[in-house]
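Q: Here you go, one structure.
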Ligand SMILES: C[S@@+](CC[C@H](N)C(=O)[O-])C[C@H]1O[C@@H](n2cnc3c(N)ncnc32)[C@H](O)[C@@H]1O
């Protein structure tokens with residue numbers, strides 16, 4: 001039975017990789033004919049690198065299958081979320097890729113019609129050169145799809161791999177009070193909620209628009225949605241058992257990263273756990289160092305380079321955490337630690 005589950009997950013994941021890779025080709029292939037307007041991101045033509053990435057993708061999908069077969073998370077994680085919405089997004093994605101390319105070509109990093117209001121200054125920018133940064137309904141609508149196109153359908157399995165490291169290291173077999181920070185549109189939320197016994201689950205993000213979409217799409221459950229900056233969490237001391245984030249830290253200036261760790265430590269109960277999933281860092285996989293160099297230029301990530309050199313372990317220990325461990329899979333890295 002285990003083998004059948006593993007194969008079913010592998011087949012489902014590979015088909016998603018195929019679809020998103022074709023979409024990537026389509027978006028930037030089409031744009032070749034429009035090369036006056038469009039500057040596709042730098043894609044390494046290095047065949048050895050492509051082979052290495054390809055092998056990494058297959059290995060990730062295989063491990064995802066083993067995780068389901070081992071009961072780390074349930075089979076529902078592979079269910080496509082919204083096939084109709086996916087198709088409807090395609091023309092919008094193409095239109096947006098033209099706008100993104102224009103911004104990339106002109107190096108426009110603060111291209112907003114108005115706002116955003118009430119957010120820290122470092123966030124008022126077009127991360128990934130994306131339209132409206134994190135601050136519009138349209139940006140929220142396209143965000144997850146754009147991420148999967150960029151990662152060839154591996155973002156979802158890379159996100160949920162954090163569950164494995166959380167469960168491996170700590171016994172989490174009682175109902176938990178969970179806080180997800182920078183949850184965005186809730187790409188990871190349903191998978192995490194299905195994988196733990198949940199007493200309460202607070203979904204938070206600084207973007208009202210992203211949070212609104214998360215609220216609309218996440219299935220009914222013990223969820224509360226709270227707009228919050230990760231460096232100033234509006235929760236009392238010791239109020240959660242698990243606090244985690246996915247793909248937040250590489251977007252923050254170093255001093256803010258440290259503040260977020262301190263805030264997380266504060267809101268965790270003694271014995272509580274922090275989980276972080278983010279990009280790999282320099283030399284985690286030396287063959288991928290070149291990708292870490294081109295990514296922040298192509299996708300306007302001003303704090304990314306510093307992130308790739310950041311000693312997160314020391315920062316976690318400095319914030320008071322113990323039992324720090326880290327691991328990485330394909331393009332993602334994971335840290336898990338405990339508040340003593
Ligand atoms: C790359 S997205 C990741 C979203 C989601 N976790 C995912 O896996 O798709 C980064 C998210 O962090 C949020 N964000 C950025 N800085 C933040 C901060 N200081 N506090 C809270 N959220 C923040 C953005 O609004 C955005 O939703």
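The values are calculated or read from the model by the stated rules, or taken from the named source; none is laboratory data. Remember, it's a predicted structure, so these values are computed and weren't measured experimentally. Every residue, glycine as well, gets a Cβ built from its backbone with ideal geometry; the counts of neighbours run over all protein chains shown.
Q: Among the residues of segment 216-248, what is the count of those that are without any contact (Cβ under 8 Å) to a residue 24 or more places away in the chain and either near the ligand (Cβ under 8 Å from one of its atoms) or closer than 22 Å to residue 118 by Cα (or both)?
A: 3
Q: Taking residue 254, is it under 24 Å from residue 121 (Cα atoms), surrounded by fewer than 20 Cβ atoms within 10 Å (Cβ to Cβ), touching a helix residue (DSSP H, G or I) at 6+ places or on another chain (Cβ under 8 Å) and not assigned by TED's automatic domain parsing to the domain that holds residue 136?
A: So residue 254 fits the description; yes.
Q: Which residue is farthest from the ligand (Cβ to nearest atom), if the candidates are limited to segment 161-188 and must be in contact (Cβ under 8 Å) with a residue 24 or more places away in the chain and out of contact with any strand residue (DSSP E or B) (no Cβ under 9 Å at 6 or more places or on another chain)?
A: Checking each candidate, the answer is 173.
Q: Only one residue in 147, 198 is within 14 Å of the ligand (Cβ to nearest atom) and modelled with pLDDT of 90 or more, so which one is that?
A: Result: 147 is the single residue among 147, 198 that is within 14 Å of the ligand (Cβ to nearest atom) and modelled with pLDDT of 90 or more.
Q: Okay, next question. Looking at (1) assigned to a helix (DSSP H, G or I); (2) surrounded by 16 or more Cβ atoms within 10 Å (Cβ to Cβ); (3) within 16 Å of the ligand (Cβ to nearest atom), find the lone condition where residue 288 falls short.
A: Only one criterion is unmet by residue 288, namely (3).
Q: Please go through segment 144-184 and pick out each residue that is part of a loop (DSSP other than H, G, I, E, B) and farther than 21 Å from residue 23 by Cα.
A: Within segment 144-184, 170, 171, 172, 173, 174, 175, 182, 183, 184 meet the criteria.
Q: What's the number of the only condition in (1) surrounded by 22 or more Cβ atoms within 10 Å (Cβ to Cβ); (2) assigned by TED's automatic domain parsing to the domain that holds residue 62 that residue 106 fails to meet?
A: (1)
Q: Which of the residues that make up segment 119-131 are outside any helix (DSSP H, G or I) and more than 12 Å from the ligand (Cβ to nearest atom)?
A: Result: 126, 131.
Q: Related question: Check 220, 215, 169, 164 and return the single one that is over 15 Å from the mean Cα position of the chain (by Cα) and either under 26 Å from residue 92 (Cβ atoms) or in the same structural domain as residue 27 (by TED's automatic domain parsing) (or both).
A: Result of the check over 220, 215, 169, 164: 215.
Q: One residue is enough: does segment 200-207 have a residue meeting the conditions within 26 Å of residue 221 (Cβ to Cβ) and out of contact with any helix residue (DSSP H, G or I) (no Cβ under 8 Å at 6 or more places or on another chain)?
A: Yes, because at least one residue in segment 200-207 is within 26 Å of residue 221 (Cβ to Cβ) and out of contact with any helix residue (DSSP H, G or I) (no Cβ under 8 Å at 6 or more places or on another chain).
Q: Can you name the residue in segment 305-314 that is surrounded by fewer than 19 Cβ atoms within 10 Å (Cβ to Cβ) and assigned to a helix (DSSP H, G or I) and is also farthest from the chain's Cα centre (by Cα) among such residues?
A: 314
Quick grid of which residues meet (1) in the same structural domain as residue 132 (by TED's automatic domain parsing); (2) buried (at least 20 other Cβ atoms within 10 Å of the Cβ); (3) free of Cβ contacts under 8 Å to residues at least 12 places away in the same chain; (4) more than 19 Å from the chain's Cα centre (by Cα):
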{"position": "299", "(1), (2), (3), (4)": "no, no, no, no"}
{"position": "320", "(1), (2), (3), (4)": "no, no, no, yes"}
{"position": "325", "(1), (2), (3), (4)": "no, no, no, yes"}
{"position": "332", "(1), (2), (3), (4)": "no, yes, no, no"}
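Q: Please state which of the following conditions residue 134 fails to meet, knowing it meets all the rest: (1) part of a helix (DSSP H, G or I); (2) crowded, with 23+ Cβ neighbours inside 10 Å.
A: Going through the list (1) part of a helix (DSSP H, G or I); (2) crowded, with 23+ Cβ neighbours inside 10 Å, residue 134 breaks only (1).
Q: When you go through (1) surrounded by fewer than 23 Cβ atoms within 10 Å (Cβ to Cβ); (2) assigned to a helix (DSSP H, G or I) one by one for residue 214, which number turns out not to apply?
A: (1)
Q: Return the residue satisfying two criteria in turn: it lies in segment 249-263 and is free of Cβ contacts under 8 Å to residues at least 60 places away in the same chain and under 14 Å from residue 307 (Cβ atoms), and of such residues it is farthest from the chain's Cα centre (by Cα).
A: 255
Q: So, in segment 260-285, exactly how many residues are more than 9 Å from the ligand (Cβ to nearest atom) and in a helix (DSSP H, G or I)?
A: Matching residues across segment 260-285 total 7.
Q: Answer yes or no as to whether residue 251 is within 11 Å of the ligand (Cβ to nearest atom), at pLDDT below 95 and over 19 Å from residue 325 (Cα atoms).
A: yes
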